[in-house]
Amino acid sequence: MPEIRLQTFINAPVERCFDLARSIDLHKVSLEHTGEKAIDGKTSGLIGKGEFVTWQARHFGIKQRLSVKITAMKPPDYFCDEMTKGAFKSMRHEHFFETRENETLMIDKFYYKAPFWIFGAFFDYFVLKNYMKRLLERRNQTIKRIAESDEWEKLIK
């Protein structure tokens, strides 16, 4: 199963970074270029353990839906969301947060499996892995930018 692992240093408290990473509203901002909308479940605010959200967005020119559920949470150190329905054969995103001196280290471990057997494997190798990595990097840069500014107060309610 492919894995994407990212590390992002953020000059903000770990609790703020943890909350921004689970903010439905921040997620919409970070992926607005895909038309990302929360259409079912938790559609705004901070998502918690046992809650789900269904996202609708356009990827590769196709409107898609992805439902994820928060399956584990240990504030402010960790949470995990897993796909319950969507285009992947499977998807699990683990979020880790560590305090490092005066900043937060945010670590993403994103595991997924493309559908369509051998065709999915080719698509993953040539397109999907890089596409997903760029989406996650964009999201993390949005979290960093907002956490390090005064904008975070609007997104954590």
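If I stretch the segment between N130 and T71 completely, what's the gain in nm (0.36 nm per residue apart, minus their alpha carbon distance), one decimal? Mind dumping the intermediate values first?
Values: separation 59, 0.36 × 59 = 21.24 nm, distance 2.58 nm.
So the chain would gain 18.7 nm between N130 and T71.
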message: Could you tell me the calculated FRET efficiency between I39 and N11, based on Cβ-Cβ distance and R0 = 41 angstrom, to the nearest 0.05?
response: 0.75
query: When all alpha-carbon pairs of the chain are counted, what percent fall beyond 29 Å?
result: 14
- prompt: Tilt of helix 129-147 relative to the longest C-alpha principal axis of the chain, in degrees (0 to 90, nearest 10)?
  reply: 20
query: Listing F97, F18, F60 from the residue with the fewest other Cβ atoms within 10 Å to the one with the most, what is the order?
result: F60, F97, F18
- prompt: Fully extended, how many nm does the chain gain between N102 and K63 (0.36 nm per residue separation, minus their Cα-Cα distance)?
  reply: 9.9 nm
- request: Could you size up the charge dipole of region 3-155 around its Cα centre, putting +1 on the beta carbon of Lys and Arg and -1 on that of Asp and Glu, and report it in debye to the nearest 20?
  value: 760
- prompt: Once you put a point 7 Å from the Cα of E151 and another 7 Å from the Cα of K85, both along the Cβ direction, what distance in nm separates them?
  reply: 3.2
- line: Relative contact order in percent for region 1-104 (Cα pairs under 8 Å, 6+ apart) equals 25
- request: Determine which lysines satisfy two conditions relative to K74: a Cα distance under 20 Å, and not lying fewer than 8 residues away in the same chain.
  value: K42, K49, K109, K157
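Readers should treat all values here as calculations from the given coordinates under stated rules, not as data from a laboratory. None of these values were measured; they are calculated from a predicted model. Virtual Cβ from ideal backbone geometry, glycine too; neighbours counted across all protein chains shown.
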